[in-house]
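A.B. asks: Take a look at this one; I'll ask things after.
The values are calculated or read from the model by the stated rules, or taken from the named source; none is laboratory data. These figures come from a predicted structure and were not determined experimentally. Positions of Cβ are generated from backbone atoms using ideal geometry, with glycine treated the same way; all protein chains shown enter the neighbour counts.
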Amino acid sequence: MPGHVIHTEHLFKQYETAAGISPVLKGINLTVARGEFVAIMGPSGSGKSTFMNILGCLDTATSGHYYVNGQDVTVLDRNQLAHLRNKFIGFVFQGYNLLPRLSARDNVSLPLVYSGASVPEMRTRAQELLEKMGLGQFSDFLPNQMSGGQQQRVAIARALVNQPSLILADEPTGNLDTATSYEIMDILTKLNESDSITIVLVTHEPDIASYAKRLVRFVDGQIVYDGAPPPRKAREAA
Amino acid sequence: MMFFSMQRQAWHAMSANRLRTFLTMLGMMIGVGAVVLMLAIGQGAQYMVEQSISSMGSNLFMILSGGTTSGGVRTSTGAAPTLTAEDAQAMTDLPSIAAVAPMASGSAQIIYGANNWATQVYGTTPSFLIVRDWNVSSGYPFTDSDVRSATRVALLGQTVVANLFNDEDPVGKTIRIRNSPYLVVGVLDIKGQSLDGRDQDDTILVPVTTAQRKLFGSQFRGSVRMIMAQATSAQAMNKAERDLNDLLRQRHHLSENTESDFTVRNLTALAEATAQTTRIMSMMLGAIASISLLVGGIGIMNIMLVSVTERTREIGIRIAVGARALDILLQFLLEAVIISIVGCLVGAILGVGGAWLVNKLMDTPVVITAWSIVMSFLVAAAIGIFFGFYPARKAANLKPIDALRYQ
């Protein structure tokens, strides 16, 4: 599907447990065009996180098809998936997922380690992005020397370091206070608007979802709503 | 992934848990140290044996006269005067024999000035020095004309010199052997211990004729106790042994079914057996030490397995940002190899230091060869790869989502 960053067809996912087969995703059809900013909401157990993991090529669907930039990922091997994660997808996690023993700069340049960049190139690129995130003077800090908001900004810098076309953010503000959450969301909005990076975001909070341009609601492994996000009013009230 | 950045990642991981990294290396250090030390000691022993063998001279035969049989009582070899200096002379014509030295020996009291010393006196010919591969360190050896005219000249071994002459140069001095004056014409080089532990330097050489006629005077004129013969090469040893037997049986007029009245002993074969024993001992020492190397390797595997489990989440993050299975595999393998190689280097230094200590404190010869260090280095790298591979593969095969969720 040219022009579509994400396109899924009848995506099913089920887990086999001792209690029997439990379906998690029941035929998801979703298309996300380049430059969209989509928020996925839904109660716990609705399958939104599983869906995100499949979108991020960290997990595979039981059946159905998933296309990234028109490429069917169900036919790719492990190395090709690694390449896809490295070059086209940036992850932002709830728990930041930084390597505790590496400095902010080394954390940001981690994806470059696997794309064969030279060491000086890694340093400049990481420094550039940390500065863009307003963390220029923190590049030698370890993650535990920084605040949660700063760590999440390091994680965003890491997600951006290989200039991906898609950013997957799994509850990026889940561990942050309201003010810091808005800062992070402002950064993501700016990336979406000025760098036209496609963003898919999972969240529980309506005011966070209101930053997106499109809302997809999951219930019991199915999409029950696909349309406009909640109005900004919710956010201003908070 | 480029090698330099891989090395940096490995270094980060190793420096994060210094004590553990050190203890893992310690296993390798002890293993490699033990191998290097044991090989050094084993090869030292081997070297000592080989040294004694070469000090004896190479490709040697010792021909002893037979024992007497009188009234059913047999005496030891060398008791009957069946060998003569002429036998020795005849042997020199054999093509398989390079040099021959007859020997008439006895012990005697030596006097010089106020000092006296009891030692073994050998009557022989100048070719003795060739047969035994022995040089004169000062002065000159006596000559064939000394042998012909049975002059009273002597060559002294170093131990004799040390006991009779304090700081004097013995060459040109006159000593007394059994109260007769002898002119010291030369001093022999240091030879050291023989295989059976005798001091080979505690000796005096005089012309064989002098020994026979003037020193030990035998009722059998011209008889010698034994003859030493040197074959032309190691390959000629068997032929030389046959030639010597044939020649002597013919000269002694022995018929087909008469027992020989002499014995030909292959000294080199005896020495080779000793050398073989030492080689086996040396190999066994190495083998025992290798076990500790193996234990060190298992230690690496153990720690790497713990490390993979502990760093599951890290592996998950690396996979999420694009690490391939091969990258993860190489990262952990590199860690294992670095640990084993650094451990090996330190171990080699410890081994060499230990060998030096053994040499200084216990006065045991040690030999450190380049190959024993190169070998243990290669073995260490191989152990790192071998024992690092299983944990590394385990890490590389983790499912990304499981690794990321691991708490």
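A.B. asks: Among the listed residues A:32, A:75, A:68, A:5, which satisfies the condition of being without any contact (Cβ under 8 Å) to a residue 12 or more places away in the chain and closer than 26 Å to residue A:115 by Cβ?
C.D. replies: A:75
A.B. asks: Taking residue A:143 as meeting all but one of (1) closer than 20 Å to residue B:14 by Cβ; (2) within 11 Å of another protein chain (Cβ to nearest Cβ), write down the number of the exception.
C.D. replies: With respect to (1) closer than 20 Å to residue B:14 by Cβ; (2) within 11 Å of another protein chain (Cβ to nearest Cβ), residue A:143 is out only on (2).
A.B. asks: Which residues, taken from region A:99-119, are more than 9 Å from every other protein chain (Cβ to nearest Cβ) and of a type in the set (D, E, K, R)?
C.D. replies: A:105
A.B. asks: Kindly evaluate residue B:341 against the criterion of being buried (at least 23 other Cβ atoms within 10 Å of the Cβ) and not polar (S, T, N, Q).
C.D. replies: When the stated conditions are applied, residue B:341 does not pass them.
A.B. asks: Somewhere in region A:182-202, is a residue more than 17 Å from the chain's Cα centre (by Cα) and either more than 14 Å from every other protein chain (Cβ to nearest Cβ) or in a helix (DSSP H, G or I) (or both)?
C.D. replies: Applying the first criterion (more than 17 Å from the chain's Cα centre (by Cα)) to region A:182-202 yields A:194.
After this cut, where a residue has to be either more than 14 Å from every other protein chain (Cβ to nearest Cβ) or in a helix (DSSP H, G or I) (or both) as well, the list is A:194.
Yes: one or more hits.
A.B. asks: Among the candidates A:23, A:2, which residue alone is under 20 Å from residue A:89 (Cβ atoms) and either surrounded by fewer than 17 Cβ atoms within 10 Å (Cβ to Cβ) or at pLDDT 85 or above (or both)?
C.D. replies: Just a single option satisfies the conditions, and that option is A:2.
For (1) more than 8 Å from chain B (Cβ to nearest Cβ); (2) within 17 Å of residue B:323 (Cβ to Cβ); (3) of a type outside the set (A, V, I, L, M), each residue gets a yes or a no:
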| site | (1), (2), (3) |
| --- | --- |
| A:60 | yes, no, yes |
| A:65 | yes, no, yes |
| A:76 | yes, yes, no |
| A:79 | no, yes, yes |
| A:85 | no, yes, yes |
| A:97 | no, yes, yes |
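A.B. asks: Being over 30 Å from residue A:116 (Cβ atoms) and either within 54 Å of the chain's Cα centre (by Cα) or within 14 Å of chain A (Cβ to nearest Cβ) (or both): is that true of residue B:300 here?
C.D. replies: Here the answer is no, as residue B:300 does not meet what is asked.
A.B. asks: Can we say residue A:148 is at positive phi and surrounded by fewer than 20 Cβ atoms within 10 Å (Cβ to Cβ)? Please lay out each step first, then the result.
C.D. replies: Numbers: at positive phi: no; surrounded by fewer than 20 Cβ atoms within 10 Å (Cβ to Cβ): yes.
So residue A:148 fails the test.
A.B. asks: Checking residue A:122 against (1) within 14 Å of chain B (Cβ to nearest Cβ); (2) within 17 Å of the chain's Cα centre (by Cα); (3) not aromatic (Phe, Trp, Tyr), which single condition isn't satisfied?
C.D. replies: With (1) within 14 Å of chain B (Cβ to nearest Cβ); (2) within 17 Å of the chain's Cα centre (by Cα); (3) not aromatic (Phe, Trp, Tyr) applied to residue A:122, the lone miss is (2).
A.B. asks: Now for a different question. Is one or more of the residues making up region B:350-358 free of Cβ contacts under 8 Å to residues at least 12 places away in the same chain and either within 14 Å of chain A (Cβ to nearest Cβ) or of a type in the set (Lys, Arg) (or both)?
C.D. replies: no
A.B. asks: Given the condition modelled with pLDDT of 85 or more, surrounded by fewer than 21 Cβ atoms within 10 Å (Cβ to Cβ), on the phi < 0 side of the Ramachandran plot and not assigned by TED's automatic domain parsing to the domain that holds residue B:144, answer yes or no: does some residue in region B:89-102 qualify?
C.D. replies: Scanning region B:89-102, I find no residue that is modelled with pLDDT of 85 or more, surrounded by fewer than 21 Cβ atoms within 10 Å (Cβ to Cβ), on the phi < 0 side of the Ramachandran plot and not assigned by TED's automatic domain parsing to the domain that holds residue B:144, so the answer is no.
A.B. asks: Return yes when residue B:107 is of a type outside the set (A, V, I, L, M, F, W, C), touching a Leu at 6+ places or on another chain (Cβ under 7 Å) and either within 11 Å of residue B:206 (Cβ to Cβ) or in a strand (DSSP E or B) (or both) and no when it is not.
C.D. replies: no
A.B. asks: Related question: Hey, does region B:13-22 have a residue that's farther than 30 Å from residue B:291 by Cβ, within 14 Å of chain A (Cβ to nearest Cβ) and either at pLDDT below 75 or more than 41 Å from the chain's Cα centre (by Cα) (or both)?
C.D. replies: Yes, that holds for at least one residue.
A.B. asks: I would also like to ask the following. Quick check on residue B:287: is it of a type outside the set (Asp, Glu) and free of Cβ contacts under 8 Å to residues at least 40 places away in the same chain? Walk me through it before giving the result.
C.D. replies: Details: of a type outside the set (Asp, Glu): yes; free of Cβ contacts under 8 Å to residues at least 40 places away in the same chain: yes.
Criteria met by residue B:287.
A.B. asks: If I ask for residues that are over 11 Å from residue B:339 (Cβ atoms) and surrounded by 24 or more Cβ atoms within 10 Å (Cβ to Cβ), which ones from region B:10-37 would you list?
C.D. replies: Across region B:10-37, the qualifying residues are B:31, B:32, B:33, B:34, B:35, B:36, B:37.
A.B. asks: Enumerate the pairs (first residue in region B:306-321 and more than 10 Å from every other protein chain (Cβ to nearest Cβ); second residue anywhere and part of a helix (DSSP H, G or I) and surrounded by 23 or more Cβ atoms within 10 Å (Cβ to Cβ)) with beta-carbon separation below 7 Å, excluding pairs fewer than 6 apart on the same chain, so at least 6 apart or on different chains.
C.D. replies: Final answer for the pair search is B:308/B:332; B:308/B:391; B:308/B:395; B:315/B:328; B:315/B:395.
A.B. asks: Next question. Kindly indicate whether residue B:269 is aliphatic (A, V, I, L, M), loosely packed, with under 15 Cβ neighbours inside 10 Å and under 30 Å from residue B:136 (Cβ atoms).
C.D. replies: Values: aliphatic (A, V, I, L, M): yes; loosely packed, with under 15 Cβ neighbours inside 10 Å: yes; under 30 Å from residue B:136 (Cβ atoms): yes.
Answer is yes for this residue.
A.B. asks: Sticking with this structure for a sec: For region A:151-163, enumerate the residues that are surrounded by 22 or more Cβ atoms within 10 Å (Cβ to Cβ) and outside any helix (DSSP H, G or I).
C.D. replies: Scanning region A:151-163 gives a single hit, A:161.
A.B. asks: Which residue out of B:270, B:334 is under 26 Å from the mean Cα position of the chain (by Cα) and not assigned by TED's automatic domain parsing to the domain that holds residue B:102?
C.D. replies: After applying the criteria, what remains is B:270.
A.B. asks: If you don't mind, there's one more thing I want to ask. Could you run through region B:103-132 and say how many residues are surrounded by fewer than 18 Cβ atoms within 10 Å (Cβ to Cβ) and more than 16 Å from residue B:186 (Cβ to Cβ)?
C.D. replies: 10
A.B. asks: Give me the pairs: first residue in region B:50-67 and under 24 Å from residue B:367 (Cβ atoms), second residue assigned to a helix (DSSP H, G or I) and β-branched (Val, Ile, Thr), beta-carbon distance under 6 Å, and six or more apart or on different chains, which are they?
C.D. replies: Short answer, once both residue conditions are applied: B:57/B:131.
A.B. asks: Follow-up question, since we're still on this one. Which is assigned by TED's automatic domain parsing to the domain that holds residue B:121 and within 28 Å of residue B:50 (Cβ to Cβ), of B:205, B:215, B:183?
C.D. replies: B:205
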